Amino acid sequence: MILKILNIALFLFILSVLTSCEDPVPFDYVEEKFVEAILIVGEPIQNIVVMRTQPLTKEYNYDSSMVKDAVVMINDGVNSLELEYKDGSYYYPDTSYRVQPQTKYKLTINFSDNKVLSGETTTPKTFNWIIPPKKQLYFPSGRDSITLPRVDSLDFEWELLTIFYMISVKCLDTLNYGIFLQPTTQELNRRISKRFSNDLRYRELTIWTFIPSNKTPVLWNYFKWYGLHEVAIWNPDKNFLNWGLQYFVDSSYDPRLSSVKGGIGVFGSASVIRDTTFLIKNQP
Amino acid sequence: MKKIFYINLLLFFVFYTGKSNPADPNLSGLSGYVVDSKTKETLIAVSVYVKEARKGAYTNKLGFFSITNIPPGKYIVEISFIGYDKKRDTIVFTKGSSVRKDFELTPASVITDEVVVEVERENEKREISISKVNIPVQQLKEIRIGGEADVFRSLQYLPGVLTSSQISSGLYIRGGSPDQNLVLVDGSTVYNPTHMFGFISTFNANAVKDVELIKGGFPAEYGGRLSSVLNITQKNGNHEEFEGMATIGVISSQMLVEGPLAEGSFFLAGRRTYLELIKAVYPEDPNFPLPDFNFYDLNAKITQDIGKNDKLFLSGFMSADALVYKGFGTTMNLDVGNKLLSFKWTHIFDEKLFSALNISGSNYINNFNGDQSGYVFIINNSISDVTTKGSLEWFASDNLTAKFGFETNYYTYNYLQDFTGDTSSSVSDTFDVSTDMTVYQWTHSLFGQLNYNFNELLSAQMGLRTSYWELSKTTLIHPRLALRYQMTEDLAIKIAWGLFDQNLRLATQPDFTFFDTWLPTDQTVPASVAEHYIMTFEIYPFEGYKLDFDVYYKKMNNINELNKKALKGEVVSDVFFVGDGVSYGAELFLQKSYGKLTGWLGYSLGYIYSKFDELNNGNEFRPKYDRRHDLKIVGQYEINDSWDVGAIFTFQSGQSYTGATSRFQTRLPEQNYGRAKIINSQLYGLRLPPSHQLNLNGSYKFKTFGLDSRVILDVYNVYNRRDIWFRYYNTREETTTVEDVLLLPIIPTLSFEIKF
């Protein structure tokens, strides 16, 4: 009887091994069309990126994923605007045209393989600063570190329109520093030394984050360089907000956060307010 | 209509069986408690057998037994239990007069299972046990990880019980998620019974007297969960003398004391980790600060006997985890805790009628707050539950046992989440972006349960449980049915069917349980309901062994998956996706509970599928924790009075993961690089390699200054196989690489235990 039990156990074990093997990484790639189009109220129609996805089994090449021959049309309810391709994105050549607030726009992209991609967005209202950023800001004193309490603040506030905003902080000049001071100096800019040395986005000049409020003190983590920065507050429409969520959460694409039909991506809009601040070094 | 049918069927059964089985005034009965002769601790699942009358029973959770319809005469009564000398007593039963007698058993080493098998069969006629596993606590204590004996960790070595990973103790039982398990301590619910992000459970194994797991088809006295019941009974304490034990381990140390108190006893046990104390000794790099972390738990119980027929129990349980981090301009505090206090009164009316009343309060809270350079945020969620429940157990006749009861719960849910950066501001300043709400809810349940023996071979158990949930105005009436047929002397077949419901839902991350949030069913989501079908073959293939072969099918409707990208949480449907699931499979469990060699072999073949409109494009998928094959072998061998050794081997199909086929680069405005995103293929459509592992343990008993002591060595993951926790696609560079995050390496640990 014991031998029988052992035989059964051995059989089950072998069966388990055979039927529970690892699955190979899939390689059944299907190309999809992708668009990132954000209309910014008060600005020209530009920076509309149309691309195709690439298989994971090959080295990713941003340039070769570009679609340069698509027919991209935007309709504002009155005019149909045909965009042109230049330097990696599509734009409307008449740069005097400005995106209007509270206006519905429709996007249509026709590809050479007869695929069509489309989307809609309604642009949000404009808004203003209540307390704009200070012109100069002192990084926490002492070592080149953000482990110390803040000695300065960048509290800013804006008109309350909605629940979620996005903030972007962009370094406008990673090279020059002293030329922005009074009196000017020859001092050059440099990175802020941080303990997380393997910055995932080392080359990134602009850092983004969500904020469920209309006011905030500065978050020192969001500065990567000293010097001149642009701080922008974005009031996104629902499509752009979802795409921002797509960007921040998960490394994989979530189709529920896409706002285009016939492909993947976003056709959204935002109103934005911008200002600059200069981050003073705490040491040379 | 269905509800009326079930009620009528139950009422018919009650009257029919009552009428067909009038009580015989000429017969006698025997009832009482069975206790440890040394400590007077009541003993659970002791077999009491009236040999010549071929009648027997097991003691219940309170150590009480009752045997009815004994013909008058002189009989030998045998009382036996693992770890105790068998006791024989001669009792004279006179016509129409019942005997009330308490028995004391003397601790010993090994007993045979001969009598236990007979009583098991007799007891099955009282209450058909479907998918129930009782593992002796002593066996459970030998299963360790990192030197910690853990109840949940031990249960994961049973067939049909899975965890999401080696570092998680949440139990997935027959395809059900951890929140679908009803976890009871002395009859009261515990909501987040884990420490260390879910690594180990909050149950101190030395404070536990009995652990019972019902993997499905549980009787009508249990409700409120879809999948299983885990019933933990704490020790009462030594009635006779003071004693204690101290244990020093790698992760934590613990101490317990117990002893007599007035007309009863007390028991007190505490456990605490000292990771932050160890950290304080070593110099820390201020540029790389490590967080401070600690946990503790406390178990306490007071038992008082009021005469021969009444017992009072006051038991409490408390656990807490705390993590503090300061660095990089950020301060974070994370606190998680459970508190439970329960009062129970049991009363014996006579040998046929036994009652229990339980009033308890249970609270679970998690708090996360932080300050990043003046930007303040807070999450503070909690659930409180005040429960009153009572039951009457009626041993009506030799063929009929009935149990009736009620349960009333008053829940308070608190949710506070504020990410505005200024938690002192009012809600109206910041456009309702913060959540601060309290929800109250009553739920009421009634149950009735009958066990009836048609004849020596066939018995049935029928139950009905009705519940009312105030928040969603839902009334549910759910039947349970089980049948048992003794085919041959060594083979019995049991089948069970039932409907089960669940009001509460848990928003959780399976591998990190710090932010578990319990939510009620409100009017935006339908009630979660499950239907179980189970068939069990119970076999005694040869002496000392019991073999259970289960086949099950479970359908689950309106279960939930967390919507991780929800931007608002005003109603429950904002937080969850609601869908359906099905699980089915077979389990084989060969167990040896007695003798020098004890342990079990468990194998399960299981299939789990889920379907949610919002996930996987609405297509059916298998969840992450679906593991097709699951083999577990557990063995413990007592070499002699001093040495014990044990081994655990597991082999499981790999967990499911989601593959990907392509990528794109996404950039927000003003960005020059952005992030890569992968496009998934079928959700959880692929499988990782199988996982397997061997753990060994050995212990040596000796005396330290005359006190019983033990040193325990356990080696987790002996051949250092690093199983994969999760697999991901690294798109940091232009070339995508598939990378694995590995789980625990070999961990040898040494623990020391001393009794006083």
Computed over chain B, the relative contact order (Cα-Cα under 8 Å, seq sep at least six) in percent reads 10
Non-local residues with an amide H under 5 Å from the amide H of B:H195, with H modelled 1.01 Å from N and Pro and chain starts lacking one, are B:I200, B:S201, B:T202
Isotropic mean projected area of the C-alpha convex hull, the protein assembly as shown (nm²): 46.3
Taking r as the C-beta separation of B:T388 and B:E570 and R0 as 35 Å, the FRET efficiency to the nearest 0.05 is 0.65
Averaged across the residues of B:676-683, what count of C-beta atoms belonging to other chains lies within 10 Å of each residue's C-beta? 5
Between the alpha-carbon centers of region B:600-631 and region B:675-721, tell me the distance in whole angstrom. 23
Under 5 Å, built H, 5+ apart or other chain: amide partners of B:S681: B:G659, B:A660, B:T661
Dipole size in debye (nearest 20) for region B:55-114 around its Cα centre, Lys and Arg Cβ +1, Asp and Glu Cβ -1? 320
Cα-projected label distance for B:I76 with B:Y440, points at 7 Å along beta-carbon direction, nm: 6.3
In 5 Å bins starting at 0, how do the alpha-carbon pair distances of region B:182-250 split up by percent? 4, 12, 21, 21, 17, 13, 6, 6, 1
Using Cβ counts within 10 Å as a stand-in for footprinting exposure, how do B:K403, A:K86 rank, fewest first? A:K86, B:K403
Dividing the convex hull volume of the Cα atoms of region B:584-705 by its residue count, what figure in Å³ per residue is obtained? 205
Work out, step by step, the length gained on full extension between B:I746 and B:F406: first 0.36 nm times the residue separation, then minus their alpha carbon distance; give nm to one decimal. 117.5 nm
Please grab the % of Cα pairs in region B:117-254 that end up more than 21 Å from each other. 45
Evaluated over chain B, the Cα radius of gyration and Dmax, each in Å: 26.8, 95
Below 8 Å between Cα atoms, with a sequence gap of 6+, how large is the relative contact order for region B:637-756 in percent? 24
In whole angstrom, and with the biggest value first, how far do the Cα coordinates of region B:462-549 range along each principal axis? 52, 34, 14
Please average, across the residues of A:252-259, the number of beta carbons from any other chain that are within 10 Å of each residue's own beta carbon, and give a whole number. 5
Mind checking the full-extension length gain between B:D292 and B:K701? Use 0.36 nm per residue of separation minus the Cα-Cα distance, one decimal, nm. 143.7 nm
Cα gyration tensor of region B:199-293, axes a ≥ b ≥ c as square roots of the eigenvalues: rounded (a/c below 1.5), prolate (a/b > b/c) or oblate? oblate
Helix-only [θ] at 222 nm, chain B, -39500 (n - 2.57) per DSSP H run of 4+, per residue, nearest 500, equals -2000 deg cm²/dmol
Per-residue mean of C-beta atoms belonging to partner chains within 10 Å, peptide A:205-214: 6
For the protein assembly as shown, what proportion of DSSP beta bridges, expressed in % and rounded to the nearest 5, is antiparallel? 95
C-alpha center-to-center spacing [region B:228-299, region A:223-284] in angstrom: 48
Can you compute the modelled spin-label distance between B:L597 and B:L491, with each label point 7 Å from Cα toward Cβ, in nm? 2.6
Work from the charge dipole of region B:231-755 (Cβ charges, +1 for Lys and Arg, -1 for Asp and Glu, about the Cα centre) and give the residue of B:Y594, B:S610, B:Q254 farthest towards its positive end. B:S610
Under the Karplus relation 6.51 cos²θ - 1.76 cosθ + 1.60, θ = phi - 60°, what is the ordered set of whole-Hz ³J(HN,Hα) values for region A:95-112, x standing for Gly and Pro? 6, 7, 6, 10, 5, 8, x, 6, 10, 8, 10, 10, 10, 9, 10, 9, 9, 5
With A:Y90 itself left out, Lys, Arg at +1 and Asp, Glu at -1 over residues whose Cβ is under 13 Å from its Cβ give -3
Express as a percent, rounded to the nearest 5, the fraction of DSSP beta bridges in chain B (both residues included) that run antiparallel. 95
Report the calculated FRET efficiency for B:F756 and B:V711 (r = Cβ-Cβ distance, R0 = 25 Å), to the nearest 0.05. 0.95
Specify the angular offset, from 0 to 90 degrees and rounded to the nearest 10, of the alpha carbon long axis of helix B:114-126 from the longest principal axis of the alpha carbons in chain B. 80
Got a sec to turn the phi values of region B:80-91 into Karplus ³J(HN,Hα) couplings, 6.51 cos²θ - 1.76 cosθ + 1.60 with θ = phi - 60°, whole Hz, x for Gly and Pro? 9, 7, 4, x, 9, 5, 5, 10, 10, 9, 9, 10
Can you tell me the FRET efficiency between A:Q186 and A:R274 if r is taken as the Cβ-Cβ distance and R0 is 25 Å, rounded to the nearest 0.05? 0.30
Residues B:T517, B:T388 in order from fewest to most other beta-carbon atoms within 10 Å are B:T388, B:T517
At B:A527 and B:E470, where each label point lies 7 Å from the Cα along Cα→Cβ, what is the point-to-point distance in nanometres? 1.7
To the nearest 10 degrees, how steep is helix B:2-20 against the longest Cα principal axis of chain B, on a 0 to 90 scale? 20
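Every read-out reported here was derived from the displayed coordinates using simple, explicitly stated rules and does not represent laboratory data. Quick caveat, the model's predicted, so the values are computed rather than measured. Positions of Cβ are backbone-derived with ideal geometry, glycine not excepted, and every protein chain shown enters the neighbour counts.
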